[in-house]
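Please treat every number below as a calculation from the coordinates, not as lab data. Computed from a predicted structure; not experimentally measured. Counting neighbours? That spans all protein chains shown, and the Cβs are built from the backbone with ideal geometry, glycine included.
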Ligand code: SF4
């Protein structure tokens, strides 16, 4: 059972299916960012498109392309939607609860300080607040 879980976790990591969660607000670098979601979309799309093309050509059945579309929705679009929803919820909390979240250098999509090019977290303010400047859009 443990072995099966390990294999499933490896597949999740390989194809970037991880949804992340509150712990990402403490991790440097976070597991899930908008970049990792996009990367997962590209990897999974490429795999599904290649397999679909191979099957359509090898079996000479064009109808299989519809199966590819269904698998695309199931394996790419829906997981990406879930990942993005979860990511947005989590990063909104981070923005609310940290000094960096209200700073003009904070890049929400990548959980990054653009001035220092470093990830931030609830436990880590890379400049220790010394470079903080208000993000006027939030006030
Ligand atoms: S400048 Fe400082 S306060 Fe602002 S985002 Fe970067 S680390 Fe956070």
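Which number in (1) part of a helix (DSSP H, G or I); (2) closer than 30 Å to residue 133 by Cβ; (3) over 14 Å from the mean Cα position of the chain (by Cα) marks the one condition that residue 115 misses?
Of everything listed in (1) part of a helix (DSSP H, G or I); (2) closer than 30 Å to residue 133 by Cβ; (3) over 14 Å from the mean Cα position of the chain (by Cα), residue 115 misses just condition (1).
Could you please give the count of residues in segment 118-130 that are in a loop (DSSP other than H, G, I, E, B) and surrounded by 15 or more Cβ atoms within 10 Å (Cβ to Cβ)?
Qualifying residue count for the region: 5.
Can you tell me how many residues within segment 97-113 are loosely packed, with under 14 Cβ neighbours inside 10 Å and out of contact with any helix residue (DSSP H, G or I) (no Cβ under 9 Å at 6 or more places or on another chain)?
Going through segment 97-113 one residue at a time, the tally reaches 1.
Look at residue 38 and say whether it is farther than 22 Å from residue 13 by Cα, out of contact with any strand residue (DSSP E or B) (no Cβ under 8 Å at 6 or more places or on another chain) and surrounded by 12 or more Cβ atoms within 10 Å (Cβ to Cβ).
No.
Can you spot a residue in segment 65-84 that is under 20 Å from residue 29 (Cα atoms), touching a helix residue (DSSP H, G or I) at 6+ places or on another chain (Cβ under 6 Å), free of Cβ contacts under 8 Å to residues at least 24 places away in the same chain and more than 10 Å from the ligand (Cβ to nearest atom)?
no
Out of (1) more than 21 Å from residue 19 (Cα to Cα); (2) within 13 Å of the ligand (Cβ to nearest atom), the odd one out for residue 53 is which?
(2)
So, of the residues in segment 96-139 that are at positive phi and in contact (Cβ under 8 Å) with a residue 12 or more places away in the chain, which turns out to be farthest from the ligand (Cβ to nearest atom)?
Ranking the qualifying residues of segment 96-139, first place goes to 111.
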